[in-house]
Amino acid sequence: MSKKRFRVRFYGRVQGVGFRYTAYHIAESYGLSGWVENEYDGSVLCEVQGDNAAIDEFLGKLRNGRYIEIDDMEIKELPLDDDERYFEIRS
């Protein structure tokens, strides 16, 4: 199992459609840690950490989320946060 951490910025119709709560529930179901928050420019920023295959599933399920329309994603790999244990929604 290969553990990774990514920062992902989502663009499109991603605010006001339950995106953060959807991300939270998907992340919890795959045992991922990290956080998700709305940005002032209308995008959503997320850091997600866990098994690489689980992160791929997480991103795939978000792309197919109800009411969510992702037009673009910026993805950057980050160093692991060994102290992080859960996924949270930030305001």
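Per residue, the average separation of C-alpha pairs within less than 8 Å and at least 6 apart gives the chain a relative contact order of 47 percent. Placing +1 on the Cβ of every Lys and Arg and -1 on the Cβ of every Asp and Glu, with nothing else charged, gives the chain a dipole about its Cα centre of roughly 220 debye. Of all DSSP bridge pairs formed entirely within the chain, close to 90 percent run antiparallel.
Site pair Arg7 and Asp82 shows an inter-label distance of 2.2 nm when each label is modelled 7 Å from Cα along Cα→Cβ. Within the set (i) 12.9; (ii) 14.4; (iii) 14.0, the number that Kirkwood radius over Cα pairs in Å takes when calculated for this structure is listed as (i). Here the accessible area of the chain is 43 percent carbon and sulfur, with a 1.4 angstrom probe and all protein chains present.
The residues of the chain present an accessible area of 60 Å² per residue when probed at 1.4 Å with all protein chains retained.
Calculated mean residue ellipticity, 222 nm, the chain: -8000 deg cm²/dmol, from DSSP H runs (n ≥ 4) at -39500 (n - 2.57) each, averaged per residue and rounded to 500.
Of the trypsin sites (Lys or Arg not before Pro) found in the chain, those in coil by DSSP whose Cβ has at most 16 other Cβ atoms within 10 Å are Arg66, Arg85, Arg90.
The values are calculated or read from the model by the stated rules, or taken from the named source; none is laboratory data. Keep in mind the model is a prediction, meaning the values are calculated, not measured. Cβ sites come from the backbone with ideal geometry, for glycine too, and all protein chains shown count toward neighbours. The area values use the complete protein model at the heavy-atom level, side chains included, leaving out ligands, DNA and RNA. Shrake-Rupley method; radii C 1.70, N 1.55, O 1.52, S 1.80 Å.
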